[in-house]
1. With all pairs of different alpha carbon atoms counted, what Kirkwood hydrodynamic radius in Å does the stretch 2-196 show?
2. Scale the Cα Rg of the stretch 90-139 by the rule-of-thumb value 2.2 N^0.38 Å and send over the ratio, two decimals.
3. Rank the residues THR185, THR34 as a footprinting-exposure proxy: fewest other Cβ atoms within 10 Å of their Cβ go first.
4. For the stretch 54-129, what mean projected area does the convex hull of the alpha carbons give, in nm²?
5. Could you work out [θ]222 nm for the chain from helices alone, using -39500 (n - 2.57) per DSSP H run of at least four and dividing by all its residues? Round to the nearest 500 deg cm²/dmol.
6. Only Lys, Arg, Asp and Glu count, each charged at its Cβ (+1, +1, -1, -1), so figure out the dipole size of the chain about its Cα centre, rounded to 20 debye.
7. Once you have all Cα-Cα distances for the stretch 122-200, histogram them in 5 Å bins from zero and send the whole-percent values.
8. Pairing the Cα long axis of helix 102-125 with the longest principal axis of the chain, what angle in degrees results, from 0 to 90 and rounded to the nearest 10?
Amino acid sequence: MKKSVAWHLTQKEFISDQVFIKSIGIITFLLLITLGAFVYIPLPFTPIPMTLQTFFVLLSAAFLAKKDGAFVQSLYAGLGAMGLPIFSAAQGGLLKLFGPTGGYIVGFIAAVFALKQMLNYFSKKSLKLTFPQVVISMTTAMLVIYVCGGLWLAISLKFTFSQIIMLGIVPFIPGEVIKVLLASTIYYKSNERLKNIFQN
């Protein structure tokens, strides 16, 4: 009987600790993605600014559990849609969400599933993830963000395919390559305990 009570108490403490750790992860990455929106460079020839957000989106997708990563991106989009000034240029509201950058924000959510799918695929193929496999996974997630962003540009601004490429993708390629490589390096170099701390 004593063992049973002790076991239940241990289980409750373990669950409580895990909920706390997951909450810390969610709050941390939500703040980082928000801060990333404030690090932006407006480009005069396109309605899409260059921001640091995608870097933190990739890291949150990699380090958090899939549902937690999707929750962070959904929470970010939801809070911004409610009017909190957490989108780029310290803006918020439905008009901003449904503006030119809205597709990229929705793409953040889809990127989580794409990245997790790729990492799980490679993890099943080999005993240990290689750096190229992590880069491919991160690149796939980044491409998903830009596909969603490009589709929304076509719908909202009636962009042609060439306009999507030249105004919604090409200007950002150098920066996104750097972010993918940096995010991949951080994730790959992290020890297994750090990789799994928010996912247990």
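The numbers here are math on the coordinates, done by the rules we state, and not lab data. Small disclaimer: the values here were computed from a predicted structure and weren't measured. Quick reminder, even Gly has a Cβ in these numbers, built from the backbone with ideal geometry, and neighbours come from all protein chains shown.
1. 17.7 Å is the Kirkwood radius here.
2. 1.59
3. Going from least to most buried by this count: THR185, THR34.
4. Dividing the Cα hull surface by four gives the mean projection, 5.1 nm².
5. Roughly -24500 deg cm²/dmol at 222 nm, from the helical runs in the chain.
6. 640 debye
7. With 5 Å bins starting at 0, P(r) equals 3, 14, 19, 18, 15, 11, 9, 8, 4, 0.
8. For 102-125 against the chain, the angle is about 50 degrees.
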